[in-house]
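Below: the structure, in structure tokens.
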Amino acid sequence: MLLPRFEYHEPTTLEEALKLLSELGGNAKVLAGGTDLLVRMKQKIDRPAHVISLARIPGLKEITPRNGHGITVGAGASAATLSRHELLWDRFTPLASASSRLGSPLIRNRATIGGNLVNARPAADLPPACMVLNATVKLKSRSDERDVPVAEFFRGPGETVIEPNELLVSVNMETPPPWTGGAYIKLAARKSLEISLVNVAALLTLKSAGGPIVDAKIALGAVAPTPVRAYAAEQVLIGNKPSEKLFKTAGETGVGMCSPITDHRGTMEYRCMMIEVLTKRCLSMALESARSWKPLK
């Protein structure tokens with residue numbers, strides 16, 4: 001399929017890109033990795049008059065630790081880069097793991113964290129991982145900037161709070177406290193190039209290696225119009241000693257917070273069953289990670 005006609009822009013600075021967005025507004029689309037946009041343009045779903053490439057803007061692909069207090073991930077960082085980053089695996093495990101499950105190796109080399117969030121697909125891999133890590137996105141326009149929690153970023157399928165003149169420039173996360181571990185699980189019909197039937201991210205913080213749970217975060221994807229935080233399921237866990245029975249109860253509670261659909265990939269009933277099973281499994285993996293926590297060298 002041929003792409004529709006459009007005018008191509010390749011700014012070399014962030015200021016130039018923001019100026020273009022301010023002037024072109026809703027007539028422009030931003031091109032990062034292009035794994036979603038180019039497909040939608042070929043299918044004639046999107047017909048932008050202008051396409052603004054971010055490829056030549058310096059700094060958008062950087063991953064920058066903040067003196068042990070957190071990390072800033074440039075919106076242009078690829079899923080492949082995230083999946084190979086040692087600090088992400090050590091301290092921000094759900095994001096590294098989710099990045100390693102996105103698409104195929106070819107897709108991971110192109111797809112970016114900013115694009116995966118802005119596209120706002122209910123079954124996307126990275127949003128649940130970002131949500132349990134309390135990530136915020138930095139949105140910049142020509143005249144202003146703001147920080148928005150990822151948990152508040154999505155409005156519906158393909159819809160976010162970002163304005164036409166704004167650009168997502170980075171994702172920021174604080175380093176989780178000691179004795180914290182996380183995990184991510186994706187259920188799909190095959191191991192790669194597949195959309196999630198259900199995906200789950202979890203983060204557990206223990207008082208000590210053998211202590212009770214002092215904080216818990218669970219996020220679910222592909223089970224509602226947007227990724228969701230399972231707040232009620234989290235409350236089931238906090239203050240209690242981890243156990244198989246407790247994790248099963250949390251999974252059952254998580255089902256009640258979802259509204260999955262029936263489609264060609266799976267039924268609503270099957271997805272509800274998998275929410276319970278995968279939440280329990282993901283919490284068990286997060287617990288193992290938390291108990292093996294060690295200070296960075």
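The values are calculated or read from the model by the stated rules, or taken from the named source; none is laboratory data. Everything numeric here is computed off the predicted structure, so don't read it as measured data. Here the Cβ positions follow ideal geometry from the backbone for every residue, glycine too, while neighbour counts run over all protein chains shown.
Remarks
- Within region 30-83, the set of residues being among the β-branched types (Val, Ile, Thr) and touching a Lys or Arg at 6+ places or on another chain (Cβ under 9 Å) comprises 35, 51, 52, 71, 72, 81.
- Top-ranked residue in region 77-118 [being free of Cβ contacts under 8 Å to residues at least 24 places away in the same chain and among the polar types (S, T, N, Q); ranked as surrounded by the most Cβ atoms within 10 Å (Cβ to Cβ)]: 81
- Among the candidates 14, 24, 37, residue that is under 14 Å from residue 142 (Cβ atoms) and touching a Gly at 6+ places or on another chain (Cβ under 8 Å): 14
- Strands (runs of 3 or more DSSP E) lying entirely in region 1-90 (those with 2 or more residues that are hydrophobic (A, V, I, L, M, F, W, C)): 28-31, 50-53, 70-74
- Helices (runs of 4 or more DSSP H) within region 230-297 that include 3 or more residues among the β-branched types (Val, Ile, Thr): 244-255, 268-291
- Residues of region 213-244 that are crowded, with 23+ Cβ neighbours inside 10 Å and either closer than 17 Å to residue 260 by Cβ or in the same structural domain as residue 129 (by TED's automatic domain parsing) (or both): 218, 219, 220, 221, 222, 223, 227, 230, 233.
- Being at pLDDT below 95, outside the structural domain of residue 256 (by TED's automatic domain parsing) and surrounded by 21 or more Cβ atoms within 10 Å (Cβ to Cβ) is a description that does not apply to residue 128.
- Taking region 9-47 as the range and being polar (S, T, N, Q) and buried (at least 16 other Cβ atoms within 10 Å of the Cβ) as the test, only 35 passes.
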